[in-house]
Amino acid sequence: MTQLSSINPLSCFLNRQVDDRIDYCKRLVDSRLQTSENLFRKDLLAHYGCVNAIEFFKDGDMIVSGGDDRRVLVWKLQQALQGLGLPIAMRAQHGSNIFCLGQDSTNTKIFSGGNDDQVIIHDVTTGDPLNYFLHEKPVYGLSVHPENDNLFSSAGDDGRVLIFDIREPSTNEPFCLAQYETPFHSAMFNPVEPRKIATANAEEGVSMWDVRKPM
C-alpha cells in the first residue's frame, strides 16, 4: 500500500480523526515551510550582472538595487512580487560597479557609490541626477544622516571616512572624520544618536567615532 506523505493534507486529515490531541494542521504548515523551495522567494530579474547593494525605502513600499551593470534600479515592491512591469532605472549610470546605496528620509533621493570614485544623488521622481561628489578612490559604503537629509558619510578605498553636506558645492572639501592607510568598507550613522558613526576598516576592524571629536 502506498504510504501517504507526512505533508499530504489528506494524511493529516486522516491522522486527526484517529488522534485529535496532536495539532496536525500546525504540523502540516511546519512541514510545508521546511520543505518548500519557492515559498519565500521571488526572483526580481532586470540587472545584467552581479547585484552588490540593495535597500528598502523608508516606507517599505519600494526597494533600490545596484550592481556591476552600473545601474540604479527602483522596484515597486507589490508590482515586482506579482511580476508586473519592470523597475525604473535612474538616468545617471556609474562608470563602474556600484557598491553601496542609501536614501533620504522622504524617499525622494537615492545616493549611490561605487568603483568609479564618486557618489551620485538621484531624484526618485524624475530619475535625473541631482549632484555628483567625487572621491579619490572607490567608494565602498555610505550612510545618510537619519535626522538631516543634507548630510551623508562615505567610506572609501583611500582609507578615509568623509562627511558631505549636499547644500555646499560638490567641489568643496568634505569633512574628514577618519583616515587610515587601509580601506574603509562601511561607515554608518547611529540612527538614535547620529553624532556617533560606526566604521569597518580592512585592518583596524570596527570603530566608533564621535563627529565632534574627529582624528
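The values are calculated or read from the model by the stated rules, or taken from the named source; none is laboratory data. The model shown is predicted, which means the values in this text are computed figures rather than measured ones. A quick note on method: Cβ atoms are made from the backbone with ideal geometry, for glycine too, and the neighbour counts reach across all protein chains shown.
Could you check how many residues of segment 170-200 are of a type outside the set (Lys, Arg), over 17 Å from GLU136 (Cα atoms) and not in a strand (DSSP E or B)?
5
Check every one of the strands (runs of 3 or more DSSP E) wholly within segment 56-154 and list those with 2 or more residues that are more than 19 Å from GLU168 (Cβ to Cβ). It would help to see each step written out before you state the result.
Values: elements: 62-67, 72-76, 98-103, 109-114, 118-123, 129-134, 139-144.
Strands (runs of 3 or more DSSP E) meeting the threshold: 62-67, 72-76, 98-103, 109-114, 139-144.
Return a yes/no flag: does segment 169-177 have any residue that is in the same structural domain as ASN97 (by the TED database), of a type in the set (D, E, K, R), touching a strand residue (DSSP E or B) at 6+ places or on another chain (Cβ under 7 Å) and under 21 Å from PHE111 (Cβ atoms).
No, segment 169-177 contains no residue that is in the same structural domain as ASN97 (by the TED database), of a type in the set (D, E, K, R), touching a strand residue (DSSP E or B) at 6+ places or on another chain (Cβ under 7 Å) and under 21 Å from PHE111 (Cβ atoms).
Please verify whether VAL64 is out of contact with any Lys or Arg (no Cβ under 7 Å at 6 or more places or on another chain), surrounded by 13 or more Cβ atoms within 10 Å (Cβ to Cβ) and either among the hydroxyl-bearing types (Ser, Thr, Tyr) or at pLDDT 95 or above (or both), treating the condition exactly as stated. Reasoning before the result, please.
Values: out of contact with any Lys or Arg (no Cβ under 7 Å at 6 or more places or on another chain): yes; surrounded by 13 or more Cβ atoms within 10 Å (Cβ to Cβ): yes; either among the hydroxyl-bearing types (Ser, Thr, Tyr) or at pLDDT 95 or above (or both): yes.
Judged against the criteria, VAL64 is a match.
Please count how many residues of segment 77-110 are under 21 Å from GLY141 (Cβ atoms) and either surrounded by fewer than 13 Cβ atoms within 10 Å (Cβ to Cβ) or hydrophobic (A, V, I, L, M, F, W, C) (or both).
Taking segment 77-110 first, the residues under 21 Å from GLY141 (Cβ atoms) are 90, 92-105, 107, 109-110.
Applying the additional criterion that residues be either surrounded by fewer than 13 Cβ atoms within 10 Å (Cβ to Cβ) or hydrophobic (A, V, I, L, M, F, W, C) (or both) yields 90, 92, 95, 98-101, 110.
Qualifying residue count for the region: 8.
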